[in-house]
Amino acid sequence: MPDHTASVLIPAPESMKELCGKLPVNKITTFAVADELAAVAAELEKVFNVLGMNVSRSADKAIINFKYASLPDGAWQMSITQEGITAAAGDLSGASYAAGALAQMLFAATAKSLPDDALDCAEISDKPRFQWRGFMLDSARHYQDKEFVKKFLRILSVFRINNFHWHLVDSQGWRYPSKYASKLDAKGLWSVGQYTLDDLREVSQCARDLGIRIIPEVDVPGHSRIMLANYPEYTCTPEKPGAEFCIGNPETMNFIKNIFTELMEIFPDSPYIHVGGDEADTANWDACPVCRKAMEAKGFSTMRELENDFMIELTRFIISKGRTPIIWGTCSGQLYPADTIVQVWLDIREPLKVIPNGNKIIYSVHNSLYFDYPANLDEPWETWMFELSEKGVYMTDPYIIWPEKVKDATLGTEACLWTETVPQHRVLAKLFPRIFAYSECAWSAPENKSWHDFQRRKELLEAAGYMDYIKSL
Ligand code: ACM
Ligand code: ZN
């Protein structure tokens, strides 16, 4: 018995009822899409073309009908009968996910390993477990060109990722032009590559078309070596600039606010702005008279408190501009404004500290979701890495401990691809095949997950040529 064609879906749907009967693929000759969902027509056409199906668009009464219905964001439903297919969605994302699921079933139906080209009848109803299904790409350590970033977004959308966190600056590179830091245009890149403002607009448009939000990040007060090599006046040690801004100097905050104001102008429809906040070394601050004076004036006894205070002012500033700040959760001490989202990456106990304050969290714990880590030890790895197998990604769950305490405050998950060791030509090798596991971790309810069944589904899709199709998007 070949597998039922609706039993190949990744991520696993909320519910799927296998029915008797088949819809022969060669009977699918027409499709219609409701006006509200019209943008998915091109996606469907691409799949029909790749599979050599001759399907034309029709105004109504088609074999495939994509209808608008009142459903939650991203949710979709599909009924496959011997007569045809009806899909329903309440927004473009849901319609696109339904089209993606149909693509998987059509690949399975037309795979050579199956005896006949037909879709098995089924009723499917699906909705996301988490509203935040993120992926972070580090374009600072290694630059990826604009066309590659657009391809990356197209691939992410297949896996129902709806938030693209873009790590645009770091010690090794500043990847967009800034009028407040114009010296960086000439001297700002340790490795080659910088997006123009037109590139950023083009990538933003691509993301918008795919229903993906961009969350741009400027990482301060650490991770800023390249910026500070060009603007040493904002460091504690201008004669030998380090990677941290001088947080005791009031001019630093003005400079950083200007940078973020401009970032928000460059990304006018990004409701979330990432301010970094991770891994600053306190050594230069400890030795800096300006920082010491600021610390004492505020009544603090450690530089971590001064850093917290600095980041609180920055998050308040972002909020005052009508955006929501996101911060890597590693500072200790004072709490950020409740409107700040904390991205948990290092300490799984962090949610317990910040949730009572009203903060929401995004779960990115490194040994579960850092895609730069090797999938197995045959790959190159660095001392700071753990092994992160496909199985490890698959079993990741943000409710790992204290589910009742973290549940309501957890927006979702975000996988991160840092690129210290990953040039552009290795990015897809890092993504595949673990992205399949990640999509199920971010989308599917735990009770619908099964590692062995997931392996079966992935192998079927791979054998049907689906993985190659996605890589070619
Ligand atoms: C981080 O990995 N430094 C957020
Ligand atoms: Zn200082």
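Classify segment 280-365 from the C-alpha gyration tensor, please: rounded if a/c falls under 1.5, else prolate or oblate depending on whether a/b exceeds b/c.
prolate
Any idea what % of Cα-Cα pairs in segment 107-221 are farther than 16 Å?
67 percent
Would you tell me the accessible area of LEU314, worked out with a 1.4 angstrom probe on the heavy atoms of the protein chains, in Å² to the nearest 10?
0 Å²
Just reorder ASP73, ASP281 by solvent-accessible area, largest first, 1.4 Å probe, all chains present.
Heavy-atom accessible area, descending, gives ASP73, ASP281.
Fully extended, how many nm does the chain gain between ASP339 and LYS257 (0.36 nm per residue separation, minus their Cα-Cα distance)?
My answer for the length gained is 27.7 nm.
Just grab the label-to-label distance for GLU379 and ASN54, each label 7 Å out from Cα along the Cβ direction, in nm (one decimal).
4.4 nm
Please calculate the 1.4 Å probe accessible area of LYS353, with all protein chains present, and give it to the nearest 10 Å².
Roughly 110 Å² of LYS353 is accessible to a 1.4 Å probe.
Where in segment 251-339 are there GluC sites (Glu not before Pro) that are in a DSSP coil and have at most 11 other Cβ atoms within 10 angstrom of their Cβ?
Here no GluC sites (Glu not before Pro) fit, given the DSSP loop and packing criteria.
Mind ranking TRP402, TRP384 by accessible surface for me, highest first, 1.4 Å probe?
TRP384, TRP402
Which residues does the label zone of ALA41 cover in segment 200-231, counting backbone N under 19 Å from a point 7 Å along Cα→Cβ?
Residues passing the 19 Å test: 209-211.
What is the distance in Å between the Cα centres of segment 62-89 and segment 329-392?
Answer, in whole Å: 37.
Which whole-number value in Å² is the accessible area per residue of the chain, probe 1.4 Å?
40 Å²
Taking the Kirkwood radius as the inverse of the mean 1/r across Cα pairs, report the Rg/Rh of the chain.
That ratio is 1.01, to two decimals.
Restricting things to alpha carbons, tell me how big segment 1-75 is in terms of Rg and Dmax, in Å.
That works out to 14.0, 40 Å for Rg and Dmax.
Of all the accessible heavy-atom surface of the chain, with the other protein chains kept in place and a 1.4 Å probe, what percent is carbon and sulfur?
Of the solvent-accessible surface of the chain, carbon and sulfur hold 52 percent.
Among the listed pairs LYS257/LYS321; LYS353/LYS407; LYS405/LYS449; LYS430/LYS471; LYS46/LYS127, which are separated by more than 19 Å between their Cα atoms?
LYS405/LYS449; LYS46/LYS127
Given ILE155, VAL393, LEU106, which one lies farthest toward the positive end of the charge dipole of the chain, if we put +1 on the Cβ of every Lys and Arg and -1 on the Cβ of every Asp and Glu?
Looking along the dipole axis, the top candidate is LEU106.
Could you order CYS121, CYS236, CYS20 by accessible surface area, starting with the largest, using a probe radius of 1.4 Å?
Order by accessible area, largest first: CYS20, CYS236, CYS121.
Just to verify a number: FRET efficiency for GLU447 and THR196, C-beta to C-beta distance, R0 = 41 Å, to 0.05?
Taking R0 as 41 Å, the efficiency between GLU447 and THR196 is 0.30.
The values are calculated or read from the model by the stated rules, or taken from the named source; none is laboratory data. None of these values were measured; they are calculated from a predicted model. Note that each Cβ is placed from the backbone with ideal geometry, even for glycine, and that neighbours are counted across all protein chains shown. What goes into the accessible areas is simple: the full protein's heavy atoms, side chains included, and nothing from ligands, DNA or RNA. Shrake-Rupley method; radii C 1.70, N 1.55, O 1.52, S 1.80 Å.
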